[in-house]
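Read the structure below first, then the notes.
The values are calculated or read from the model by the stated rules, or taken from the named source; none is laboratory data. From a predicted model like this one, the values you see are computed outputs, not experimental measurements. Cβ: placed from backbone, ideal geometry, glycine included. Neighbour counts: every protein chain shown.
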Amino acid sequence: MIKRKTTTLLTALVLLAINTQAQKDKIYHKGWIDFNKNGKMDVFEDPSKPIDSRVKDLLSQMNLDEKTCQTATLYGYGRVLKDEMPTAEWKTQIWKDGIANIDEELNSLPYNKKAVTQYSFPFSKHANAINTVQKWFVEETRLGIPVDFTNEGIHGLCHDRATPFPAPINIGTTWNKNLVFSAGSTVGREAKALGYTNVYAPILDVARDQRWGRVVECYAEDPFLIAELGKQMTLGIQSQGVAATLKHYAVYSVPKGGRDGQARTDPHVAPRELHQMFLYPFKRVIQEAKPMGIMSSYNDWDGEPVSSSAYFLTELLRKQYGFMGYVVSDSEAVEFIASKHHVADDYKSGVKKAIDAGLNVRTHFTMPENFILPLRELVKEGKVAIKTLDERVADVLRVKFELGLFDSPYVNDPAASDKKVHTVADEALAVQLNRESMVLLKNDKNLLPLDVKQYKNILVTGPLATEVNYTTSRYGPSNNQIVSILDGIKAYASKSANVTYSKGCDVIDATWPESEIITTPLTAEEQAHINEAVAAAAKSDIVIAVVGETDNQVGESKSRTSLNLPGRQLLLLQALYATGKPIVMVMVNGRPLTINWENRYLPAILQAGFPGPSAGTVVAETLFGDNNPGGKLTMTYPKSVGQIELNFPFKPGSQAGQSKSDDPNGTGKTRVLGALYPFGYGLSYTTFEFTNLKLSAQEIQPKNDIQIAVDVKNTGSRKGDQVVQLYLKDMVSSVTVYESVLRGFERVSLAPGETKTVKFTLKPSDLQLLDKNMKWTVEPGKFQVMIGNSSEDIKLKKEFTVSK
């Protein structure tokens, strides 16, 4: 009897489960989904209806709880979310009414052990897992509003074993727009295949202070170069049907003194500089690439926190720039309105300020109800207008409709994801990005490239020879196979030469960073390590010294007070130099370093930067000549931190000397002048020549374009790449403008003796300035076009006139 009752109960439960699933399956129809489960096709469920109509219809059906849930991020598994897969408890959580987005869901980052998950790999398993989570929101919430799955992707998608690109600073040194578009397309395709629908990239911060920790995550110090590369990255990502979210808006990258961490505030930026320098990349990329997302930063400008500024989030972003997507806050930006900036009495007041200003979605590493519940209270109290809330939610819904989440919320073919992520072609692209990011800084007597047959004994030394953590720097892929520089050199040269290794020293010493201001004697152990390297050098024909920084010295919240090589590395180089053996310095660095002694005395210096996991292979190819370095610097290298700010572009006289020839009141030499390496600088194993600069007109109207052409020839004996750089100088203006500005560049590959004609078009926007009334205008007068190898090495000049 008991057995029969148990069997009957089990049968009933099975039938109930089958019936429940059958009811859920009924929402899926041919060509549409019954998200609100009312048995009919509502306007918002009809793919044939205009998006604005669908947004309006869905919004009209949402209650306050559902609306407010579309204003917050739920951080994924291992951060805030505790469950890998949906559980029965989710029905009691705040996201039972939906959520705007889930960030970094099931992506398995090695530096966060709590986030390691079985669902990140194989890629098809992750796609299925995301579908399972998405299905819960579609089927288990009242209105079934799909989730926007967000993820980082500034140098490859931030996911287990995705295609790894070099750090953004290296992406910048390629100066290759086509390659950057391809990288963006790869990130977008992999995101789509894995179930992510929104990529937090690119970073458009203008890195003006070399001490700042996040320089490694930026493309450049120049706004035009950033805009051009950022545009291509955005177009590439969104070409795959996923959103790109630009960051960090705005004026984020110049905190006072270059200091990082919580002190990332108080940028000393004048109003005209704000628009011409720091907002320029955002304005252009928004208008030319139509990104669906913006991340608001947690700094202030002129006393107003950006994330609670109607001027930044509404007036500029939406009314002037035409942004149509949604704004997500950087982590803790809303909290900082009260806790750091003290412009609100408490957190709840900060929530009101943010929503009123134009913020759509709050992000922080805490539960989403920390934002949602105060917002609900504010609406009920009449302190936040329901009209305002509706506008903010509508922006989020619009992006979800544009992404197709209300027509196809799931990864369509999860099994195919294994063939769409980190393919052989993707890896080849990543390697090519690394190759093109190499920058040759010095090459006396053409020491490089090395002929492997001429050197029987090669010493590889330096603390970066075996270090690899920089290849997976933050906000990118992980768990990929890495080739260290030592291993790369061994793989390339070991058949012809004896390659030995002696570390020489650690990256830093025991008292670093204090040792940057108070030096300490070498310990016996440190001296012994240097002595070992010197002894090995004496037995070698050539020394390859791999020095610089790791991910522990540069990155978020890792600003510096000195830009010298950290630790005992310079002492190691000096000891090696004293042996009289030729020294090739390979520099692994995420920011410009003040390598003055190194530049004066060492015959060859190759900047590797922060390349991706193929670092060792690519560095070896470059040292031995299979890869001819063609990268150009995107940041000025100062000789001392005492020169900062020293960068490009700059105002007339702002980086001049102080002798009587520079200043009528000058008194002579009291400081070091000039850059160690200027913006746009980079050598090659071959030589190039510019000729035949032509302008389509000598005089144009203010609203006209002008075409420019120039021939570039490879005059050397090796195939190589040259970056043709076009600079523009406004000869006379109503307000002080920059000495010159970058207004065009093109990377071209040339065989020995080959000539190519490179063409540029200058548009009125390239000639604009902000006049005395802060109005964008093209003023009449003379402009000078300059073509060169760098911002300082100008080879050709011609003038044209804008008529009145």
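Working only within the stretch 491-512, note down all residues that are of a type in the set (Val, Ile, Thr), surrounded by 15 or more Cβ atoms within 10 Å (Cβ to Cβ) and assigned to a loop (DSSP other than H, G, I, E, B).
Val507, Ile508
Let me confirm something: among Val116, Val80, Val55, which residue is surrounded by fewer than 21 Cβ atoms within 10 Å (Cβ to Cβ), within 28 Å of Pro374 (Cβ to Cβ) and either within 31 Å of the chain's Cα centre (by Cα) or modelled with pLDDT of 95 or more (or both)?
From the options Val116, Val80, Val55, the qualifying one is Val80.
Are there any pairs, at least 6 apart or on different chains, whose C-beta atoms fall under 9 Å, with the first in the stretch 10-38 and surrounded by 11 or more Cβ atoms within 10 Å (Cβ to Cβ) and among the charged types (D, E, K, R) and the second modelled with pLDDT under 95 and in a helix (DSSP H, G or I), and if so, which?
Close Cβ pairs (under 9 Å, with a partner that is modelled with pLDDT under 95 and in a helix (DSSP H, G or I)) amount to Lys37/Gln23; Lys37/Lys24.
Quick check, is Pro291 modelled with pLDDT of 95 or more, crowded, with 16+ Cβ neighbours inside 10 Å, under 15 Å from Leu204 (Cα atoms) and out of contact with any Cys (no Cβ under 8 Å at 6 or more places or on another chain)?
Judged against the criteria, Pro291 is a match.
I'd like the full set of residues that are of a type outside the set (A, V, I, L, M), within 18 Å of Arg208 (Cβ to Cβ) and either touching a Ser or Thr at 6+ places or on another chain (Cβ under 7 Å) or outside any strand (DSSP E or B) (or both), limited to the stretch 675-707.
Residues satisfying the conditions are Pro678, Phe679, Gly680, Tyr681.
Which is at pLDDT 95 or above, assigned by TED's automatic domain parsing to the domain that holds Ile94 and either part of a helix (DSSP H, G or I) or surrounded by fewer than 18 Cβ atoms within 10 Å (Cβ to Cβ) (or both), of Val384, Val399?
That would be Val399, the only listed residue that is at pLDDT 95 or above, assigned by TED's automatic domain parsing to the domain that holds Ile94 and either part of a helix (DSSP H, G or I) or surrounded by fewer than 18 Cβ atoms within 10 Å (Cβ to Cβ) (or both).
Out of the residues in the stretch 402-441 that are within 22 Å of the chain's Cα centre (by Cα) and either outside any helix (DSSP H, G or I) or among the aromatic types (Phe, Trp, Tyr) (or both), state the one that is surrounded by the fewest Cβ atoms within 10 Å (Cβ to Cβ).
Among those residues, the one meeting the criterion is His422.
Please find, among Asp390, Asp426, the residue that is modelled with pLDDT of 95 or more and within 18 Å of Thr73 (Cα to Cα).
The unique qualifying residue is Asp390.
Please find, within the stretch 140-189, the residue that is farthest from Gly404 (Cα to Cα) out of those that are in contact with a strand residue (DSSP E or B) (Cβ under 8 Å, 6 or more places away or on another chain) and acidic (Asp, Glu).
Once the filter is applied, the top-ranked residue is Asp160.
Specify which of the listed residues (Val468, Val460) is at negative phi, more than 27 Å from the chain's Cα centre (by Cα) and not assigned by TED's automatic domain parsing to the domain that holds Pro166.
Going through Val468, Val460 in turn, just one is at negative phi, more than 27 Å from the chain's Cα centre (by Cα) and not assigned by TED's automatic domain parsing to the domain that holds Pro166: Val460.
Which numbered condition trips up Gly682, out of (1) surrounded by 13 or more Cβ atoms within 10 Å (Cβ to Cβ); (2) under 34 Å from the mean Cα position of the chain (by Cα); (3) more than 30 Å from Tyr601 (Cα to Cα)?
With respect to (1) surrounded by 13 or more Cβ atoms within 10 Å (Cβ to Cβ); (2) under 34 Å from the mean Cα position of the chain (by Cα); (3) more than 30 Å from Tyr601 (Cα to Cα), Gly682 is out only on (3).
For Lys96, all conditions in the list (1) out of contact with any Cys (no Cβ under 9 Å at 6 or more places or on another chain); (2) without any contact (Cβ under 8 Å) to a residue 60 or more places away in the chain; (3) closer than 27 Å to Phe365 by Cα hold save one; what is the number of the exception?
(1)
Looking only at the stretch 745-784, which residues are part of a strand (DSSP E or B) and among the hydrophobic types (A, V, I, L, M, F, W, C)?
Phe745, Val748, Leu750, Val758, Phe760, Leu762, Leu769, Leu770, Trp776, Phe783
How many residues does the stretch 215-259 contain that are touching a Leu at 6+ places or on another chain (Cβ under 7 Å), buried (at least 24 other Cβ atoms within 10 Å of the Cβ) and among the aromatic types (Phe, Trp, Tyr)?
1
Could you look through the stretch 456-477, keep only residues that are surrounded by fewer than 21 Cβ atoms within 10 Å (Cβ to Cβ) and touching a residue at least 60 places away in the same chain (Cβ under 8 Å), and pick out the one that is nearest to Ser540 (Cα to Cα)?
Asn457
How many residues are part of a helix (DSSP H, G or I) and either of a type in the set (Phe, Trp, Tyr) or not assigned by TED's automatic domain parsing to the domain that holds Asn63 (or both) if we restrict to the stretch 120-141?
Summing the residues that are part of a helix (DSSP H, G or I) and either of a type in the set (Phe, Trp, Tyr) or not assigned by TED's automatic domain parsing to the domain that holds Asn63 (or both) in the stretch 120-141 gives 3.
Which condition number does Pro374 fail, the rest of (1) crowded, with 17+ Cβ neighbours inside 10 Å; (2) farther than 21 Å from Gln93 by Cβ; (3) not basic (Lys, Arg) being met?
(2)
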